[in-house]
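The values are calculated or read from the model by the stated rules, or taken from the named source; none is laboratory data. No experiment lies behind these values; they were computed from the predicted model shown. When we count neighbours, we look across all protein chains shown, and the Cβ atoms used for this are built from the backbone with ideal geometry, even at glycine.
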Amino acid sequence: MINRREFARIGTLVVGNLMALALAVPGVAYLLDPLRRGSRASAFRELARLSPLKVGVPLAVPVVEAREDAWVKYPPEPVGLVWLIRQPEQAKERVIAFTAECPHLGCAINLSGDGKSFLCPCHTSAFKFDGTPLNQVPPRGMDRLDVSLSDDADPTVKVKFERFRTQSEERIPLG
Ligand code: FES
């Protein structure tokens, strides 16, 4: 049989624990919130103007981003590299873009010595300027990125920067 004193003690304990829980849940949720937030969805980024791009001549443009993790904001820094290639006037697309990340193991793809193709210095993956492989080293061609041009007289070239799984024949975006 519980006497009045024990009943009061148990009541105080229960109320105290409920109050602690009521305070703790929002606190924990606040602390975990940045971790639950997904990374910024891929968006079109302004990388260049159309006029300086020469038809058929690839231009490497760094993608710069101000990162932010759970509790720290970092200053802007390069997070990737994109190759832009202006196409001839009659082409369907005015500019095509590739991520410079090699589909083999992720090194940065550069121009070959003669400037007539792409070459990855790590294991010699080579590609044409349309991204198709020139040898058997890479598992697939270079990864194309979506491009959008503004309507201005000198359009801005915007690219949807994405990263893809390496060592895969399929082009699989990384979340
Ligand atoms: S990472 Fe490019 S060839 Fe291996």
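Key figures for this structure:
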{"item": "Number of the condition not met by V72 [criteria: (1) away from the ligand (no atom under 13 Å from the Cβ); (2) loosely packed, with under 13 Cβ neighbours inside 10 Å; (3) within 25 Å of P173 (Cβ to Cβ)]", "result": "(3)"}
{"item": "Qualifying residue in segment 46-58 (condition: of a type in the set (V, I, T) and exposed (fewer than 15 other Cβ atoms within 10 Å of the Cβ))", "result": "yes"}
{"item": "Residue list for segment 116-132, filter: more than 9 Å from the ligand (Cβ to nearest atom) and either at pLDDT below 95 or in a loop (DSSP other than H, G, I, E, B) (or both)", "result": "K116, S117, K128, F129, D130, G131, T132"}
{"item": "Per-region count, segment 88-115, residues of a type in the set (A, V, I, L, M), away from the ligand (no atom under 16 Å from the Cβ) and either over 26 Å from R49 (Cα atoms) or in a loop (DSSP other than H, G, I, E, B) (or both)", "result": "1"}
{"item": "Any hit, segment 103-117, residues being closer than 23 Å to G56 by Cβ, β-branched (V, I, T) and without any contact (Cβ under 8 Å) to a residue 12 or more places away in the chain", "result": "no"}
{"item": "Residue count, segment 68-110 (criterion: among the aromatic types (F, W, Y) and on the phi > 0 side of the Ramachandran plot)", "result": "0"}
{"item": "Lone qualifier among K92, K128 - being without any contact (Cβ under 8 Å) to a residue 12 or more places away in the chain and surrounded by 12 or more Cβ atoms within 10 Å (Cβ to Cβ)", "result": "K128"}
